[in-house]
Amino acid sequence: MTRLVPALALAATIVLAGGTISFAQTAPAQIVKERQDAMKKMWPDFYKAIAVSIRSGNPDLPLIAAQAAKAGEHLKTVAQLFPPGTGRDVVPTTRAKPEIWTQRAEFEATLTALVDATKAIGDDAKSGNVDKVKADWTTLAKACGGCHGGPEKSGGKFRFEED
């Protein structure tokens, strides 16, 4: 019986360590998946309706304000989805460039510019200022391009081009 207790303790340690190692190996891939899903939602779920409304010639300001508010809430979680250890060296399917981590202050400033531009278009829509909303859209589009060069498949400063 005395030998059984240390053997069981050793077995439990090995199982727990194996579980931890497995979790550590899959966690970055899970974070990348969440990040990719979050980024893919931004255009169709938030910004597309704003763009369509502005391009219509008669912007629906309440819709723009609501979409901007939703986008702003969504953006609060995006920065958290870029922790160290989730780059291409660990998860080959990510399009996130190493510059996100090696130039972290610039990346965060670029993300802040997107948050600020999103808030500005929402605030100006609430105030009823159509001309300002139209100008804000240009600023917002440039802020999106701060990380990537344009459409979904494009690359840019912080995103690899899609293969």
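Bear in mind that the values in this text are calculations on the coordinates, not laboratory data. Just so it is clear, the model here is predicted, and its values are computed rather than measured.
Key figures
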quantity: For segment 119-125, 3J(HN,Hα) per residue [Karplus equation, 6.51 cos²θ - 1.76 cosθ + 1.60, θ = phi - 60°, Hz, x = Gly/Pro]; calculated: 5, 4, 5, x, 5, 5, 5
quantity: Qualifying aspartates and glutamates (Cα of each under 14 Å from Cα of residue 153; at least 8 residues distant if same chain); calculated: 161, 162, 163
quantity: When the convex hull of its Cα atoms is projected in every direction, mean area for segment 32-145 (nm²); calculated: 6.7 nm²
quantity: Partners for residue 48 among aspartates and glutamates (Cα-Cα distance below 17 Å; same-chain residues under 8 apart left out); calculated: 37, 60, 73, 136, 152
quantity: HN-Hα J in Hz across segment 47-63 - Karplus 6.51, -1.76, 1.60, θ = phi - 60°, x for Gly and Pro; calculated: 7, 4, 4, 5, 4, 4, 5, 5, 5, 5, x, 9, x, 8, 4, x, 5
quantity: Segment 32-145, relative contact order [Cα under 8 Å, separation at least 6], %; calculated: 29 percent
quantity: Cα-Cα over 31 Å, subset of 76/142; 33/134; 70/132; 97/126; 33/132; 76/97; calculated: 33/134; 97/126; 33/132
